[in-house]
Amino acid sequence: MAPPAPCVADAPDALLEDIFLRLPAAADLARASAACPSFRRVIAGHAFLRRYRALHTPPLVGILHDHIPFVPAQPPHPSAAPARSFAGFDFSCSSFLPSAAGRTWSSVDFFDGRALMAGVPVGNGSGFKVYHEFLTRDLAVPET
């Protein structure tokens, strides 16, 4: 009787990482992760995720700046389709921030799917912003 054929899941982790690094989209990576526990272990590793993000930078979907409405990427830019999903999005993030009693929330930075918000007291009278509270929140970023 012939020995059983080797299983792909039994391949060395370094080989699996090299294969997974070649997947073009994060959605493909998520599907591979769901295929078996050993794939999930390799894909969920911090070192692998750092390497993957370095090779597959997230797409630019638009520009967001203080006091200027969101400017989405326009065709022929490859991110124009995902950028359309942000049309009409409330970037003040008021729907998920804590109560604004006595303060207003101001966006400080958006990076890698996270938002850094600062709580500014209302009417501090000094003419410049004094930040007393900071808050980070994860944002869902659509991917096509």
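Computed from the coordinates by the stated procedures, all read-outs in this text should not be read as laboratory data. Note that the structure is predicted; figures quoted are calculated from it, not measured. Cβ: placed from backbone, ideal geometry, glycine included. Neighbour counts: every protein chain shown.
General observations
- Residues located in the stretch 69-84, provided they are free of Cβ contacts under 8 Å to residues at least 40 places away in the same chain and of a type in the set (Gly, Ala, Ser): Ala73, Ser79, Ala80, Ala83
- Search result, residues across the stretch 1-34 that are more than 23 Å from the chain's Cα centre (by Cα) and among the small types (Gly, Ala, Ser): Ala2, Ala5, Ala9, Ala11, Ala14
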